[in-house]
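To start, the structure under review is shown below, and the notes come after it.
The values are calculated or read from the model by the stated rules, or taken from the named source; none is laboratory data. Everything numeric here is computed off the predicted structure, so don't read it as measured data. Glycine gets a Cβ as well: all are built from the backbone with ideal geometry, and neighbour counts include every protein chain shown. Each accessible area value is taken on the protein alone, full model and side chains, heavy atoms only, with ligands, DNA and RNA left out. Shrake-Rupley method; radii C 1.70, N 1.55, O 1.52, S 1.80 Å.
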Amino acid sequence: MLKKVWKLNKYYQLLALSAVSASASYSVHAGDEQFNEALRAANSSNIPMLQQYQYSMQNDALGYYPEYWILNSNLGSQPAAQIVNFAQRYPQSAMAEKLAADYVEEKVKMADFASAQPVLQYVTNADQAENCAVAQVRAKSGDPLIYAEYKEVWLTTNAQPESCTGLGRLMLSSPLLTEQDRQMRLWGQLRAGQSGQAIATAQSINMNLSLAQLNSIQSNPMNYLWSAPKISKEDHAYLIYAVGRLADSDLNSAMASAKRAADGVPADVQRALYRAVGYVGGTTVMKNNFNREVLSFLDASYGLPFSPEEAEIYARQAIRFSSWESLIRAIDSMSVTQRQEDRWQYWLARGYEKRSDGASQKTAQEIFKRLAQGDDYHNLLAKDHLGQSYSSVPNNAQPSNADAQRLSQDIHFRRAFALRDVNAPDNYINREWNWAVRQAYLKKDDGLLLAAAKRATDMGWYDRAIYAADRTVKQHNYSLRYAMPHQAYVVSHSRNAGIDPAWAYGLMRQESRFVTTARSHVGAGGLMQIMPDTAKLVARQMGETYNPAALSDMNTNIRYGTYYLSMIQSQLSNSPVLATAGYNAGPNRARRWQPEGQNIDPDQYAETIPLTETRDYVKHVMTNATHYGVLLGQGAQSIGKRMQVIPMRNAQ
């Protein structure tokens, strides 16, 4: 048993340290300076050295790290009491929460649910994997609500963490799940080619599927479909599996074969066959491009319940092809929580708006009015539909001296600043900062968030400042939320390149949050996250010799980034939406996603971009640009003015 070096009252003594004046800096204590040395000891599994640091750092803001590393070094063998003890001595702290969450995950992997049970209450900010681990423990303790709360996990066929897959297996034994629930899960798994999981699900409804038969179908689904029997439930399952496997490899052949396979089978099996083709077609746009017939198959599958992932695919296909009634049906098929998201409320209003009856148009206007109260992407789009623009942001609220003093005393922010002061690894700094912001947000403490954002901005720590300023509830400061560092360079280089500085700022905020040294996992660097090959191209176009070191220079990075943005805009119909998508995913992809046959609205293009990262990226950049337009004094702003109609692919 590890020696306990901190009593509970010691923690509160730390919280009660005398207040520092608002203007005072965060001094680095001797114990804080030992953080990196202790981290090296942790990385080399030097437990005796960590125990020494645990003692010497005990009275400093970062004093809980050595003990955390000791406990974490052999987490699976720790008794639950040790984790609970740590969480109680460091209540509501970032590393106590992480330790608890990791412990629960580890114990679930070991199938030791009893040990995990006492720790559950300390897991308060779980990610998807942790959430499913917690749910497994709850399920094992007999909590019946799990099966209603996690129906989405049960029906998901996309890749998900092993803890979620394990939760799905646990749910198979629940008497609360109906035969229809199990049937939906089975058909989804068959469609996705998840043969092992499908066999287990089938057994729960007294169906016996053969792995050998599934493997045979996998090797030649087309051949199987030519002469497939259609009598038993097992036969129907094999049909769905075959159509799904064929759609994955040859969508056009699957669309033809599914219609033949659907002859003579029950109506719900027909719908499942059509759903398999529609879903696979809707999720393989990167490979197969957009196909109007895919939407027809989804329409034909209507009447069979939609899982959340299926409903989103259905909605996006409907949006892409301006099939407004299909869109309304898709949104009506969503869960209540899903349907209430701003995104789907906006598109529901778009669907109602297209109807000719007055009641539907009135409903659309009511939804737009409700959405127009906010200032995010779909809120700004809603303003446009109401004919509203805006030319001023809310008055920039300032933190008070008392707020600044509370910031100096707040243990969570103190840890984040201390870690930054000692140049700790970013993952530790950001975790403490984000945790501190979360605690303030949960308390709706706008003053503390603004004080943190202002201090971080004054330090040039823009990414964390934005993270804090973005989360205020009632008091906002757009100068902190939409920082404009290097303004002279951004404006000058943007104008030289012939692009809007607000757009350049909007893109830069999304790319790097103004971290000059930012590097992506694929090698993009700097404020505008320029790839080396792109930089070489730009240098050549500008008649310069490429120098890799130049990309780390703020001025050069902005100059190259704005030039490249202008260059791809000219290649993509002078459309900021297409160019923004092209900046993120490459201009060839942005062009390939343009419509065929007729133009579409820019919001339709953005919502149906098949890459989730690029879809969200375009929305964020357009939103940022609209706000920067106000801050740069460009007059009344409308997101619609930045998002012109998207022309057909051949209309360049």
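One quarter of the convex hull surface, Cα atoms only: what value does that give for region 206-261 in nm²? Before the final figure, lay out the partial values.
Details: hull surface 14.3 nm².
With every direction weighted equally, the projected area is 3.6 nm².
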For this session: First obtain the Kirkwood hydrodynamic radius of region 313-459 from its Cα pairs, then insert it into the Stokes-Einstein equation at 4 °C and 1.567 mPa s, and state the resulting D in µm² per second as a whole number.
Result: 70 µm²/s
Problem set entry | Kirkwood Rh in Å, taken over all unlike Cα pairs in region 495-556 | 12.2 Å
Problem set entry | At R0 = 25 Å, FRET efficiency that the Cβ-Cβ distance of E234 and K287 yields, to 0.05 | 0.25
Exercise. Once the Cα atoms of region 302-399 are picked out, what are the Rg and Dmax in Å?
Worked result: 15.3, 54
Problem set entry | Quarter of Cα convex hull surface for region 429-540, i.e. mean projection, nm² | 7.9 nm²
Problem set entry | Square roots of five times the Cα gyration tensor eigenvalues for region 49-95, Å | 17, 14, 8
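Under the classification rounded if a/c is under 1.5, otherwise prolate if a/b is larger than b/c and oblate if not, where does region 225-299 fall, given a ≥ b ≥ c as square roots of the Cα gyration tensor eigenvalues?
It comes out prolate by the Cα gyration axes.
Provide, as a two-decimal number, the C-alpha radius of gyration of region 390-475 over 2.2 N^0.38 Å, N being how many residues it has.
1.05
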For this session: With all protein chains present, calculate the accessible area of Y441 using a 1.4 Å probe and round the result to the nearest 10 Å².
Result: 110 Å²
Exercise. Excluding ligands and nucleic acids, what accessible area in Å² is computed for T580 using a 1.4 Å probe, to the nearest 10?
Worked result: 0 Å²
For this session: With a Förster radius of 45 Å, plug the Cβ-Cβ distance of R519 and M222 into 1/(1 + (r/R0)^6) and report the FRET value to the nearest 0.05.
Result: 0.45
Seminar exercise, completed: Counting sequence-distant residues (5 or more places) and residues on other chains, those with an amide H built under 5 Å from that of Q637 are Y390, S391
Exercise. Per the helix-only calculation at 222 nm, which mean residue ellipticity applies to the chain, given -39500 (n - 2.57) for every DSSP H run of n ≥ 4 and division by its residues, nearest 500 deg cm²/dmol?
Worked result: -18500 deg cm²/dmol
Problem set entry | Accessible area of region 488-632 divided out per residue, in Å², using a probe of 1.4 angstrom | 37 Å²
Problem set entry | Accessible area in the full protein assembly, largest first, 1.4 Å probe, for D553, D603 | D553, D603
Exercise. So what is the relative contact order of region 122-194, in percent, for Cα pairs below 8 Å that sit 6 or more residues apart?
Worked result: 36 percent
Exercise. What is the spin-label model distance, in nm, from S322 to A200 if the labels are put 7 Å beyond Cα along the C-beta direction?
Worked result: 4.7 nm
Exercise. For the chain, what relative contact order do you get, as a whole percent, if you take Cα pairs closer than 8 Å and at least 6 residues apart?
Worked result: 10 percent
For this session: Compute the length gained on full extension between Q338 and Q160: take 0.36 nm times their separation in residues and subtract their Cα-Cα distance, giving the result in nm to one decimal.
Result: 62.2 nm
Exercise. What residues from region 435-467 fall in the zone where the backbone N is under 17 Å from a label point 7 Å along the Cα-to-C-beta line of K474?
Worked result: 440-451
Exercise. Distance in nm between label sites at S400 and D357, each 7 Å beyond Cα in the beta-carbon direction?
Worked result: 5.4 nm
Exercise. What is the extension gain from A488 to S391, computed as 0.36 nm multiplied by their sequence separation minus the C-alpha to C-alpha distance, in nm to one decimal?
Worked result: 32.7 nm
Exercise. What fraction of the Cα pairs in region 51-157, stated in percent, has a spacing above 19 angstrom?
Worked result: 46 percent
For this session: Over 18 Å, how big is the tail of the calculated P(r) for region 346-407, in percent of all Cα pairs?
Result: 49 percent
Exercise. If you wrap region 114-219's Cα atoms in a convex hull and average its projection over all directions, what's the area in nm²?
Worked result: 7.2 nm²
For this session: Mind giving me the FRET efficiency for L75 and N252? R0 is 35 Å, r the Cβ-Cβ distance, nearest 0.05 is fine.
Result: 0.10
For this session: Identify the trypsin sites (Lys or Arg not before Pro) of region 350-391 meeting these criteria: DSSP loop state and at most 16 other C-beta atoms within 10 Å of the C-beta.
Result: K354, R355
Seminar exercise, completed: Beyond 43 Å, the calculated P(r) of the chain holds a percent of Cα-Cα pairs equal to 36 percent
Seminar exercise, completed: Between E33 and E613, the two model label points (7 Å from Cα along the beta-carbon direction) sit apart by a distance in nm of 4.1 nm
Problem set entry | Which of D601, D445 is most accessible, then next, and so on - probe 1.4 Å | D601, D445
For this session: Would you please name the GluC sites (Glu not before Pro) within region 557-622 that are DSSP coil residues with at most 13 other C-beta atoms within 10 Å of their C-beta?
Result: E596
Seminar exercise, completed: Reported to the nearest 10 Å², L551 has, with a 1.4 Å probe, an accessible area equal to 10 Å²
Problem set entry | Stretch gain in nm, segment Q644-S56, where the contour uses 0.36 nm per residue and the Cα spacing is subtracted | 205.5 nm
Exercise. Which shape class applies to region 507-652: rounded if a/c is under 1.5, otherwise prolate when a/b exceeds b/c and oblate if not, where a ≥ b ≥ c are the square roots of the Cα gyration tensor eigenvalues?
Worked result: prolate
